[in-house]
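The structure under discussion appears below in the form of structure tokens.
The values are calculated or read from the model by the stated rules, or taken from the named source; none is laboratory data. In this text, all values refer to a predicted model and were calculated from it rather than measured experimentally. Positions of Cβ are backbone-derived with ideal geometry, glycine not excepted, and every protein chain shown enters the neighbour counts. Surface areas here come from the heavy atoms of the whole protein model, side chains and all, with no ligands, DNA or RNA. Shrake-Rupley method; radii C 1.70, N 1.55, O 1.52, S 1.80 Å.
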Amino acid sequence: MPRMFGTDGVRGVANTPDLSPELAFALGRAAAAVARERTGRRPVAVVGRDTRRSGPMLAAALSAGVCSAGGDVVDLGVVTTPGVAFVTTHLGADFGVMISASHNPAPDNGIKFFSADGFKLPDAAEDELEALVRASTDALPRPTGAELGTIRTSEAAVEAYVQHLVSTGSPLSGMRVVVDCGHGAAYRLAPEVLRRLGAEVIALNTAPDGMNINDGCGSTHPEALQQAVLAHGAQAGIAHDGDADRCIAVDERGELVDGDQIMAVCALDLKARGQLPADTLVATVMSNMGLELLLREHGVRLLRTKVGDRYVLEEMQKGGYALGGEQSGHVIFRELSTTGDGILTAVQLLSVCVRARQPLSALAGRMQRLPQWLENVRVGRKEGWESNPAIRAAIAQAEAALEGQGRVLVRASGTEPLIRVMLEGADMAQLRSLAAAIGEVIRAELQ
């Protein structure tokens, strides 16, 4: 039986067996029971959701499960994922839950848990919840009367989150910004935060109807944002995904600024202000080599992890690093948030522009993306490729040919009989030749 929790909570098509109201109820009961057992008191859960039609159904079912086990719920309604993480710690709650499928289409949804300290649950805690949900008999407490849990709303808690975001930024007076909210969780909060900082905000896609979230808009479809920035003569554009834990930007020329460039701008700013511990940025193996080369020029180390924001955060916590993230725009400012926060990232990026008195194009343009070439090599078996001497020798030979000005990334597909060979460097012809050579060896060794 596959694991219930994936890399970012429980995901599936809402109202199917993979993500049913019954499952949400059971998860709420399990989480509240575990929290009560751990603390010895009545637990409190913070629950938020994005704008999908299935959100109220799943949030209500999960909240009912919490109450059924004797826990209280603070229902934030529509709010961002990092908003749930912030409010969980702000209120001293025992755990938080976000109902969202991020950048996925509207029929999908998900359930993501945060611990009392605002961080995503570790695997062991998720496994404990899964074991309780899958148990053949529900032996969890079922209190009655006054021992049942309650549900309340709290506009003040959401306002505290907004005030926190505003407190982290510089005044943006005189800056015109276009914000694509993707009909998602940021549709009210993102424009409000930037306006309170003094920016003139043109807000796009702020009319969610339950089915239009991420539909041709937001961070995965920035084309309309690029056009709007040019049409309005804006200094910048910002795009969020469905739960607003990501941020993709557009400069004043209408050019995209991805997560790598955002991290580059913010890392160099933090270093200049003496606020980049160990002069280190944490990113994944998918970040472009151009980021690494720029940082190297300025005495900043790029520390790479496996793909996934949880691995980035784990490395940041282990080493005490302040900044990390992914090319997708999931950026973590560890001193300001416990998870990636798209609105916070926008505030930090625009604040750097104001302090530097430079346009976003100049700041982001310092990082030049290296060309990439990807070759998918179909194999008879994937096992043992990492330790194969011939394959390792072919990779080493390609790395030597790039002379430190490029990169070779070889990894097995998680779902197909493929070994993916990705090279970065200045010369596309060289990249294709080196990739073909590695691919030939892989085919021969893994028939």
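Among the residues of region 144-152, none qualifies, meaning not one is open to solvent by less than 10 Å² (accessible area, probe 1.4 Å), modelled with pLDDT of 95 or more, part of a loop (DSSP other than H, G, I, E, B) and among the hydrophobic types (A, V, I, L, M, F, W, C). Among all residues of region 342-359, there is at least one that is without any contact (Cβ under 8 Å) to a residue 24 or more places away in the chain and more than 29 Å from Ala160 (Cβ to Cβ). Applying the set (1) closer than 30 Å to Val177 by Cβ; (2) buried (at least 20 other Cβ atoms within 10 Å of the Cβ); (3) modelled with pLDDT under 95 to Ile332 leaves exactly one unmet item: (3).
Taking the criterion of being within 21 Å of Gly406 (Cβ to Cβ) and part of a helix (DSSP H, G or I), the residues of region 280-331 that qualify are Met289, Gly290, Leu291, Glu292, Leu293, Leu294, Leu295, Arg296, Glu297. One residue alone among Gly6, Gly96, Gly28, Gly71 is among the small types (Gly, Ala, Ser) and surrounded by fewer than 24 Cβ atoms within 10 Å (Cβ to Cβ), and that residue is Gly6. Give me the residue from region 221-252 that is open to solvent by less than 10 Å² (accessible area, probe 1.4 Å) and not aliphatic (A, V, I, L, M) and, out of that set, farthest from Ala106 (Cα to Cα). The residue in question is Asp251. Restricting attention to region 392-408, does a residue exist that is part of a loop (DSSP other than H, G, I, E, B) and open to solvent by less than 50 Å² (accessible area, probe 1.4 Å)? Yes, because at least one residue in region 392-408 is part of a loop (DSSP other than H, G, I, E, B) and open to solvent by less than 50 Å² (accessible area, probe 1.4 Å).
Among the numbered conditions (1) free of Cβ contacts under 8 Å to residues at least 40 places away in the same chain; (2) in a helix (DSSP H, G or I); (3) open to solvent by 30 Å² or more (accessible area, probe 1.4 Å); (4) not polar (S, T, N, Q), the only one that Glu128 does not meet is (1).
Assess whether Met422 counts as being under 14 Å from Met289 (Cβ atoms), at pLDDT 95 or above and buried (at least 16 other Cβ atoms within 10 Å of the Cβ). When the stated conditions are applied, Met422 does not pass them. Residues of region 265-275 that are open to solvent by less than 10 Å² (accessible area, probe 1.4 Å) and more than 16 Å from Gly340 (Cα to Cα): Val265 alone. Contact map, region 180-207: residues that are more than 17 Å from Gly83 (Cβ to Cβ) and free of Cβ contacts under 8 Å to residues at least 40 places away in the same chain paired with residues that are open to solvent by less than 40 Å² (accessible area, probe 1.4 Å) and acidic (Asp, Glu), Cβ distance under 8 Å, separation 6+ or inter-chain. Pairs shown: Leu204/Asp180; Asn205/Asp180. Quick check: anything in region 187-205 modelled with pLDDT of 95 or more, farther than 24 Å from Asp50 by Cβ, of a type in the set (A, V, I, L, M, F, W, C) and surrounded by fewer than 24 Cβ atoms within 10 Å (Cβ to Cβ)? Looking for residues that are modelled with pLDDT of 95 or more, farther than 24 Å from Asp50 by Cβ, of a type in the set (A, V, I, L, M, F, W, C) and surrounded by fewer than 24 Cβ atoms within 10 Å (Cβ to Cβ), one finds none in region 187-205, hence no. Beta carbons closer than 6 Å, at least 6 apart along the sequence or on distinct chains, pair a first residue in region 275-303 that is of a type in the set (Gly, Ala, Ser) with a second that is in a helix (DSSP H, G or I) and open to solvent by 40 Å² or more (accessible area, probe 1.4 Å) for Gly299/Asp279. Against the list (1) open to solvent by 10 Å² or more (accessible area, probe 1.4 Å); (2) over 23 Å from Gln372 (Cβ atoms), the condition Thr280 fails is (1). Collect the residues in region 368-381 that are part of a loop (DSSP other than H, G, I, E, B) and more than 29 Å from the chain's Cα centre (by Cα), keeping them in residue-number order. Within region 368-381, Val379, Gly380, Arg381 meet the criteria. If you go through region 362-391 and keep only what is farther than 27 Å from Ala429 by Cβ, touching a residue at least 12 places away in the same chain (Cβ under 8 Å) and open to solvent by 70 Å² or more (accessible area, probe 1.4 Å), you end up with just Arg381.
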